[in-house]
Amino acid sequence: ELIELAKRVESLGYGTLWHPESLGWESISLGAFLLANTEHLVIGSSIANIYARDAVTSRQALKTLGAFSGERYVLGLGVSHVPLVEGARGHVYGKPVPTMRRYLETIHKDWEGPAPAVVIAALGPRMLALAGANARGAIPYNVTPEHTRNARAIMGPDAWLAVEQKVCLSDDPTRARALARQELERY
């Protein structure tokens, strides 16, 4: 079904398909699979956990997938959270901004050519500033329009900002609100 989904997204004219990583599919492998089954669609990880692979491995994956796909791969990285990093993966969780900064420095070290296609999951102002200065931009997850406005102000006009916002497409406001409430109750 993933091939069908990717091909459908591509046929509808979307520019990028973002895929997740948690404890299910491994992000880089899934990115390679989706790239191999599309022709023009950019594939982005949203969000590859930096504790799942070291920065050198991520750098190699970015170079490899970019070269083999005609530069259609974007590496979206995130620091995750303590329960997933320490509980599920058995790593020690570091301070988010300095940890991400070091990770990005390793990816950028001696990089040749255009800046690497890296974006980071950024919610707070310090991580957003890091995204604007040390990555192509940010991929904030499940945020409000107000957050998006603030993120743009912090990162500046040229940084990429690929935001996930929950929406409900419906012509009936009452039905849309009911569906949204039903979705919230699941969490």
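Computed quantities for the displayed model
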{"quantity": "Under-5 Å amide H pairs with Trp160, H placed in peptide plane, nonlocal only", "calculated": "Gly137, Ala138"}
{"quantity": "Computed [θ] at 222 nm, deg cm²/dmol, the chain (DSSP H ≥ 4; -39,500 (n - 2.57); rounded to nearest 500)", "calculated": "-13500 deg cm²/dmol"}
{"quantity": "Å² of accessible area per residue within region 92-155, as computed with a 1.4 Å probe and no ligands counted", "calculated": "54 Å²"}
{"quantity": "Sulfur and carbon atoms: percent of accessible area, the chain [1.4 Å]", "calculated": "55 percent"}
{"quantity": "Relative contact order of region 69-161, pairs being alpha-carbon contacts under 8 Å that are 6 or more residues apart, as %", "calculated": "26 percent"}
{"quantity": "Candidates Ala122, Ala159, Ala67, ranked by Gaussian network fluctuation over the chain, Cα under 10 Å, top entry", "calculated": "Ala67"}
{"quantity": "FRET E, pair Glu71, Asp171, Förster distance 35 Å, beta-carbon r, rounded to 0.05", "calculated": "0.35"}
{"quantity": "Gyration tensor verdict on region 122-187 (Cα atoms; rounded if a/c is under 1.5, prolate if a/b is larger than b/c, oblate otherwise)", "calculated": "prolate"}
{"quantity": "FRET efficiency for Ser11 and Phe33, using Cβ-Cβ distance with R0 set to 22 Å, rounded to 0.05", "calculated": "0.75"}
{"quantity": "Arg89-Arg186 pseudo-label distance in nm [points 7 Å out on the Cα-to-Cβ vector]", "calculated": "2.5 nm"}
{"quantity": "Gain upon complete extension [Glu26, Thr64; 0.36 nm per residue less C-alpha separation]", "calculated": "12.1 nm"}
{"quantity": "Candidate lysines - alpha carbon under 20 Å from Lys109, same-chain residues fewer than 8 apart omitted", "calculated": "Lys63"}
{"quantity": "Long-range amide H partners of Gly44 with built H, under 5 Å", "calculated": "Leu17, Trp18, His19, Val74"}
{"quantity": "Beta bridges per DSSP with both ends in region 1-150, % antiparallel, nearest 5", "calculated": "0 percent"}
{"quantity": "Contour excess over end-to-end distance, with Cα ends at Glu164 and Thr99 and 0.36 nm allotted per residue", "calculated": "21.1 nm"}
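The values are calculated or read from the model by the stated rules, or taken from the named source; none is laboratory data. On a predicted model such as this, the values are computed, not experimentally measured, just so you know. Methodologically, a virtual Cβ is constructed for each residue, glycine included, from the backbone with ideal geometry; neighbour enumeration extends over all protein chains shown. Ligands, DNA and RNA are stripped out before the accessible areas are found, and what is left, the full protein with its side chains, is counted by its heavy atoms. Shrake-Rupley method; radii C 1.70, N 1.55, O 1.52, S 1.80 Å.
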